[in-house]
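The values are calculated or read from the model by the stated rules, or taken from the named source; none is laboratory data. Keep in mind it's a predicted model, so treat the numbers as computed, not measured. Counting neighbours? That spans all protein chains shown, and the Cβs are built from the backbone with ideal geometry, glycine included. Note: areas computed on protein heavy atoms with side chains; ligands, DNA, RNA excluded. Shrake-Rupley method; radii C 1.70, N 1.55, O 1.52, S 1.80 Å.
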Amino acid sequence: MPHNICIRSAEAGDVEAIHALLLPHAEKRVLLPRSIDDIFQHLQEFLVAEYDGRLAGVVALHVYTSSLGEIRSLVVDADTQHHGIGSLLVEACEKWAAGLGIATVFALTYVTGFFLRQGYEVVSKESFPHKIWTVCVHCAKFADCDEVAVQKKLAEAPVKPMRLIPVIEVKEA
């Protein structure tokens, strides 16, 4: 039976489910913790994945400069992994970033192989502007960060922004 996957902008009604997806990973210290309040305050940064109508994944795009954005808070529910949802979420973030005119996206990750398969390359954390570390200073691992920095050039220079966020729907066989 085919499955229906839909990537869309997060809505206020998704906040509890987003928090529930992120919390176990924050408790394992592989993601920074995000309170419900924080998710509401940054709701416009989130995309979600629905798998057969239920929330199964989440990602956020945080914009730092006119040419640099971060893919963060990427989680796919364990029951729906290996259906391409993570790749679709990253692809949607990239399209969104390109539509905003952002030339480069990056992520700090423990799953380097996943991002390499998406066309990212490993880079030095020191190559990023200091402003990206404003959130990191709240992390218990800040002084001894073991995440790997990856980035992907979407364009050589910022591009003219698009006006709409595309919705991606996939019928899985």
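Before moving on, here are some points about what is shown:
- For the stretch 49-128, the Kirkwood radius over C-alpha pairs fed into Stokes-Einstein at 37 °C and 0.692 mPa s yields D = 247 µm² per second.
- Per-atom-type breakdown for the stretch 29-131 gives carbon and sulfur 54% of the accessible area (1.4 Å probe, protein chains only).
- With the whole protein complex present, Val122 retains an accessible surface near 90 Å², based on a 1.4 Å probe.
- Residues Lys171, Lys125, Lys153, Lys95, sorted by accessible area with the largest first, give Lys171, Lys153, Lys95, Lys125 [1.4 Å probe; ligands and nucleic acids excluded].
- Aspartates and glutamates whose Cα lies under 15 Å from that of Lys153, excluding same-chain neighbours fewer than 8 positions away: Glu70, Glu91, Glu94, Glu121
- Shown here for the stretch 1-80: trypsin sites (Lys or Arg not before Pro) in loop regions (DSSP other than H, G, I, E, B) with at most 13 other Cβ atoms within 10 Å, namely Lys28, Arg29.
- ³J(HN,Hα), Karplus 6.51/-1.76/1.60, whole Hz, each residue of the stretch 54-64, x for Gly, Pro: 10, 5, 10, x, 8, 7, 10, 10, 10, 9, 9
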